[in-house]
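**Q** Sending over a structure as structure tokens; questions will come in a sec.
Please treat every number below as a calculation from the coordinates, not as lab data. Model, not experiment: these values are computed from the prediction. Note: ideal-geometry Cβ built from the backbone for every residue, glycine included; neighbour counts use all protein chains shown.
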């Protein structure tokens, strides 16, 4: 790993409220980044390498050790962590605490004297209280217990919140990952579609279910082949976990088609990808009232498809209605 890429991951995740300047940081003699907040205060971030009890500062390439972020703030505090999400959370807490007085002062200046009302004590307290880190709000929570974290995510800077949640998802597994992605979906934008789609192949169904919802909400149509694979993963039991996941994936395929009624699935029947064609046939058997009758001519055409799996799926779809 290169030091610049390591530092850029932090800078990109911080989002609004920060400005960054790269350069050699004294006295370490290595490249680092100086962060300046919009609420006052600066912090120097120097990448360090830790191997056992030994800490060194040198370029990462071909050097043994685990890369860490060494964060030195202008009030003399050092924080060291190898986890991007933790570094972001700490910097955001510091930014908000350092900026609290500045925010109150600015607010007082806007209010001014005369007929304008003064700040209430509760307003000062609200400005001075930093938001709880998303990592803390999600830590130890059971699947679906994300209400508090979702509220926090919607109240903070979008880019910062998304960066924290993606970092949490990347370093966790199972229900913890599903919860982080579930919060992300509440604030997700189209650019998050590719990352959400990458979790469609996760070994945990809880993560796959959230990922299905994510690509559906972000409108990420490129996820259709991965959704098709989930549709084809159903089993013979309609109420099984696999079949329920397949039904959710088939529904997402309909939504991502951008069409309604029978046309929502019928468009996939002419896909260049045989697995997508097959999955579309299967979807007609999984979903209630998907428009099989209207799509019948297209399904009949697939009886002569060059892929035997598509032919079998088309035959079953025709037999269901």
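**Q** Using Cα-only point scatterers and the Debye equation, what is log10 of I(q)/I(0) for segment 226-281 at each q in 0.13, 0.19, 0.21 Å⁻¹, rounded to two decimals?
**A** -0.29, -0.60, -0.72
**Q** So how far, in whole Å, is the C-alpha centre of segment 185-218 from the one of segment 302-321?
**A** Answer, in whole Å: 30.
**Q** Ok, one more. By per-residue mean of other Cβ atoms within 10 Å, what is the highest-first order of 260-270, 294-304?
**A** 260-270, 294-304
**Q** Kirkwood Rh and Cα-based Rg: tell me the resulting Rg over Rh for segment 1-51, rounded to two decimals.
**A** Ratio of gyration radius to Kirkwood radius: 0.98.
**Q** For each of 25, 88, 31, count neighbouring Cβ atoms within 10 Å of the residue's Cβ, then give the residues from fewest to most.
**A** Neighbour counts put them in this order, fewest first: 31, 25, 88.
**Q** Something else about it: Which whole-number percent gives the relative contact order of segment 228-285, counting Cα pairs below 8 Å spaced six or more residues apart?
**A** Relative contact order comes out at 34 percent.
**Q** Counting only C-alpha contacts under 8 Å and six or more residues apart, can you give the relative contact order of segment 139-219 as a whole percent?
**A** Rounded, it is 29 percent for segment 139-219.
**Q** Calculate the FRET efficiency for residue 75 and residue 141 from the Cβ-Cβ distance with a Förster distance of 35 Å, rounded to the nearest 0.05.
**A** 0.60
**Q** Say each of residue 270 and residue 320 gets a label point 7 Å from the Cα, pointing the same way as Cα to Cβ; how far apart are those two points in nm?
**A** 2.2
**Q** While we're looking at this one, here's another question. What are the extents of the Cα atoms of segment 148-189 along their three principal axes, listed from largest to smallest and rounded to whole Å?
**A** 26, 17, 16
**Q** What Kirkwood radius, in Å to one decimal, follows from the Cα pairs of segment 224-321?
**A** 12.8
**Q** Please pull out the direction-averaged projected area of segment 171-238, using the convex hull of its alpha-carbon atoms, in nm² to one decimal place.
**A** Value for segment 171-238: 4.7 nm².
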